[in-house]
1. For the range 209-347, what does the relative contact order come out to in percent, with C-alpha contacts under 8 Å and a separation of six or more?
2. Just name one of Phe67, Leu142, Leu49: the one whose Cα is farthest towards the positive end of the charge dipole of the range 39-159 (beta-carbon charges, Lys/Arg +1, Asp/Glu -1).
3. Mean projection of the alpha-carbon convex hull of the range 376-448 over all orientations, in nm²?
4. Given a 1.4 Å probe, how much area per residue of the chain is accessible, in Å²?
5. Of Asp182, Asp128, Asp5, which has the most accessible area with a 1.4 Å probe, and how do the rest follow in descending order?
6. In whole angstrom, and with the biggest value first, how far do the Cα coordinates of the range 64-143 range along each principal axis?
7. Counting Lys and Arg as +1 and Asp and Glu as -1, each charge on the Cβ, what is the dipole of the range 84-240 about the Cα centre in debye, to the nearest 20?
8. Kirkwood Rh over Cα pairs of the range 191-265 into Stokes-Einstein at 37 °C, 0.692 mPa s: D in µm²/s?
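The values are calculated or read from the model by the stated rules, or taken from the named source; none is laboratory data. Remember, it's a predicted structure, so these values are computed and weren't measured experimentally. Cβ atoms come from the backbone with ideal geometry, glycine included; neighbour counts cover every protein chain shown. Side chains are part of the model used for accessible areas, which takes the heavy atoms of the whole protein and leaves out ligands, DNA and RNA. Shrake-Rupley method; radii C 1.70, N 1.55, O 1.52, S 1.80 Å.
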Amino acid sequence: MAKNDYSQGSMSRNILSMAVPMTVAQLINILYNIVDRVYLGHMEGIGRLSITGVGLCLPIISILIAFANLCGMGGAPLCSIYRGKGENKEAEGVMGNAFTLILIFGVTLTLGCLIFKRSILYLFGASDATFGFANDYLTIYLCGTLFVMVGLGMNAFINAQGFGRIGMMTVALGAVINLILDPIFIFFLHLGVRGAALATVISQGCSAVWVLRFLTGPKAVLRLRRSAMRLRLDWVKRILALGSSSFVMAMTNSLVQALCNATLQSVGGELYVGIMTVINSVREVVTMPVTGITHGCQPVIGYNYGAQLYSRVREGIRFTTLVSLGYSVVMWAMVMLMPRFFIHIFNSEEELLVAGVQAFRIYFAAFFCQAFQQIGQSVSVALNRSKSAVFFSMFRKVFIVAPLTLLLPAIGFGVDGVFLAEPISNVVGGLACFITMWIMVYIPLGKKRDHEEVRI
């Protein structure tokens, strides 16, 4: 019997078997930067400037991660589809090509960012007061770019083979090391933001080694082989095309985040850049279970689509929608009712707490609608509908958030206008993405019999 055969058993159980460890893994992965911000935000005298400086680096870090996801999230669904067809040699070829692309992107991005980091940081909203903190953190972090990209990008291929627990252990290993090293480097060795960055780089390096040892070891269904690493144009095109949706989404998120920081620096100063850093930190944590369930459904839905079991694909879409939306409504209520509690985790200065409460309630006003976007995106990626996924990635951020971030403060909303752009985009962009997926994918699949050849 084939390992991890998703055509058998309950779809909900199959999805949860992937989603739960992936969610835990991604929550743990967030700890790399979240823990840094918690420690730095409570440093006496310089906590707010430290966390603001690190916040200025987040768009750059997100861009690096976007390139890792371009390869990982682009190649992993293809592996699932090939596995569903029983074509394991092709699946290994895709994985090997994705690894080569990660190495190329990693080296290129490291050199480019190190050369232009000063200009980039000031463009993204740094001031003379925060540049030193941002520069110290980013310089060290960039030296570990390759570790970060290999660990994150190739871990997707562990999950795609059905080894969700191994994928979870990959990031758990690094997160535990980071939790141990952070207080040692930041406080005992008095390295501050440099210590936080150094702890992150060492931790990501350990995760990368773990990933590579598993993918080249005997337990993997698909192995990372040197013979599969030579780039093949047709595989490269498909990896980049399918990964482009998560890449565009991450890139647009990063650039819009940078635009928000720069606008807030201009309109409200460092205080509101710090508030946005806290908001982004909380958002990363509360949205991660939705990311876990939507990413967890991809190998399962992709496998069944490749096996032409369309009724099971529809069942997987329904289950993913109910779980994601239900969780999002609960978390939306918690954040709206207790904003001060969430802010206090990162910084206790009264000025930031007072200004942050209103910003939180504006930004998260329609938070639950973001689940619609993630569901629509993930189903499109799982079924190799890359053009649709890319379009809606750009639609919400580029055509809604970015213009509103510039327009609303200019017409009298001030700093509130920057935070207001997000809920508007969640409603308009999220519903547009989900409704399109439902009409173009879910309904047509309901008209087809299992094992009938179909393209949607």
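1. 15 percent
2. Farthest towards the positive end: Phe67.
3. 4.9 nm²
4. Each residue of the chain exposes 39 Å² on average to a 1.4 Å probe.
5. Values: Asp182 0, Asp128 130, Asp5 40 Å².
Listed by decreasing accessible area, they come as Asp128, Asp5, Asp182.
6. The principal-axis extents, from largest down, are 57, 18, 17 Å.
7. Details: 15 positive and 7 negative charges, 135 e Å.
Dipole of the range 84-240, to the nearest 20 debye: 660 debye.
8. Answer from the Stokes-Einstein relation: 201 µm²/s.
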